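All remarks here apply to the structure that follows.
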Amino acid sequence: MAITTKRPKIKETVGALYYAFNTMTEEGEFDPENYETTVKSDVVKTINTTDNTGATVVRASGGNYTTAYQTSSADNEVEVVAIDPEDLSKMKGDDIHENGLVLGGAPKARPYFAFGKVVKKIGGAIELVWYPKCQLTENTDEAATSEEEFSEQNDTITIKAYAFDDEGHISVRVNSEMSNYPEELTEEKFFEKPILDDAGLTAALTPTA
């Protein structure tokens, strides 16, 4: 049998940051059918993603019977040069008053939102990813005095993604290097609104009247 040689594309840069707040139910639960307008922000320096996967070996009759796998969440550590202060306050669950006052730090539930990331590769290849059910779990806020030469003062936000359906899926992605990638799909179409399943991708590819 002949050997097939593959040359996958190498990463070139990270793309924009996308997010869409989830309009939760009256009980404060995640609603997969209801999101606000998607926001795009070209502020990303780096994104480090860690899948929190557990594997448990089930033993029976003196041997290994099976291995149970569970992916409970994924952490996205995002370094940004800036972030919209109102949206960051919203992610943190702060109380934003009409007169501009913001009260933060109270122990209260933080809202869910969808988070999207882009990885661009040399040669024009691209990977687009949605994490439909996320919460902000940590953020840094540092400022330093200015020097004679400008230096970046970046912040880091940590976004935890949870399972958004009954099967435990955490992310939805497409990759242009894969053979079944829809050629008519663009970054704008994919991130117009959060995609959770096949029907969502089909809708994104359907021309609007």
Practice item. Using a 10 Å cut-off on Cβ atoms, rank the peptides 198-207, 107-116, 56-65, 170-179 from the highest mean neighbour count down. Key: 107-116, 170-179, 198-207, 56-65
Study note, to complete from the structure: Cβ-Cβ cut-off under 9 Å around ILE96, Lys and Arg +1, Asp and Glu -1: the net charge is -3
Check your understanding: How high is the relative contact order of the chain, given as a whole-number percent (alpha carbon pairs under 8 Å, six or more residues apart)?
Key -> 22 percent
Check your understanding: Using the Karplus equation 6.51 cos²θ - 1.76 cosθ + 1.60 (θ = phi - 60°), what ³J(HN,Hα) coupling, rounded to whole Hz, does each residue of region 123-129 give in order, writing x for Gly and Pro?
Key -> x, x, 5, 8, 10, 10, 10
Study note, to complete from the structure: Among THR186, VAL14, GLY62, the residue whose Cα sits farthest towards the positive end of the charge dipole of the chain (+1 at Cβ of Lys and Arg, -1 at Cβ of Asp and Glu, taken about the Cα centre) is GLY62
Review point. Taking 0.36 nm per residue of separation and subtracting the Cα-Cα distance, what length does fully extending ASP165 through ILE3 add?
Key: 54.4 nm
Practice item. Throw me the Rg/Rh for the chain, computed over C-alpha atoms with Kirkwood Rh, two decimals. Key: 1.03
Revision key, fill the gap. Output for region 1-54: GluC sites (Glu not before Pro) sitting in coil per DSSP, at most 12 other Cβ within 10 Å, listed by number, reads GLU26, GLU27, GLU29, GLU33
Study note, to complete from the structure: Taking max minus min of the Cα coordinates of region 122-190 on each principal axis, largest first, gives extents in Å of 52, 36, 17
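Give a quick list of GluC sites (Glu not before Pro) in region 40-149 that DSSP marks as loop, anything other than H, G, I, E or B, with at most 14 other Cβ atoms within 10 Å.
Here the sparse-neighbourhood loop sites are GLU98, GLU142, GLU147, GLU148, GLU149.
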Study note, to complete from the structure: Reduced to Cα centres, the span from region 131-209 to region 49-126 in Å works out to 11 Å
Revision key, fill the gap. In this structure, among LYS9/LYS189; LYS108/LYS193; LYS40/LYS193; LYS11/LYS193; LYS11/LYS133; LYS40/LYS108, pairs with alpha-carbon gaps over 18 Å are LYS9/LYS189; LYS108/LYS193; LYS11/LYS193; LYS11/LYS133; LYS40/LYS108
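Bear in mind that the values in this text are calculations on the coordinates, not laboratory data. Model, not experiment: these values are computed from the prediction. Note: ideal-geometry Cβ built from the backbone for every residue, glycine included; neighbour counts use all protein chains shown.
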